[in-house]
Amino acid sequence: MIIDLIYGKAIGVTAIMLCAIGYLGSYFDKNFSKENKLTIIFMVIGATIIFEFGTYFINSIILEFEREYLYFFKIVLIETLYNVLLSIILYPIIQKLGYSIDRNFKKNNILTRYF
């Protein structure tokens, strides 16, 4: 909601799309391996496309503007490539950080395993 308040013209659109992406992410988290980088890249591509298409079309309905498909596809392609590059660069760092946090939580709870 804060993103819409600061940058958006229609309040709630970004929140709806991020909730949809979060729901799909929880489904994929249960069914796919986080070790496979190709799976992560496909998830980033899918999430970017779903978010951008959903936001664009919901905003076009609410704000009643004419859709410019060619320009929109060009922007989505650039954003998708940008997000894929970011995920390739940042995902190993985030993954290592997540593993270290997970080890710290498991190490602190050693006594609970025996009871």
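Each value in this text was obtained by applying a stated rule to the coordinates, not by laboratory testing. In this text the structure is predicted, and so the values were computed from the model without any measurement. Glycine gets a Cβ as well: all are built from the backbone with ideal geometry, and neighbour counts include every protein chain shown.
So the values come out like this:
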{"item": "Relative compactness, the stretch 1-47, computed as alpha-carbon Rg over 2.2 N^0.38 Å", "result": "1.42"}
{"item": "Cα long-axis angle, helix 69-108 against the chain (0 to 90 degrees, to the nearest 10)", "result": "20"}
{"item": "Residue-averaged 222 nm ellipticity for the chain, from DSSP H runs of 4+ at -39500 (n - 2.57), nearest 500", "result": "-28000 deg cm²/dmol"}
{"item": "On Cα atoms only, tilt of 37-63 relative to the major axis of the chain in degrees", "result": "40"}
{"item": "Per-selection Rg to Rh, the chain - Cα, Kirkwood hydrodynamic radius", "result": "1.11"}
{"item": "Sorted by Cβ density within 10 Å, fewest first, the residues Lys96, Lys34", "result": "Lys96, Lys34"}
{"item": "Phi-based couplings in Hz for the stretch 28-33 (Karplus 6.51, -1.76, 1.60; Gly and Pro marked x)", "result": "5, 4, 6, 9, 10, 7"}
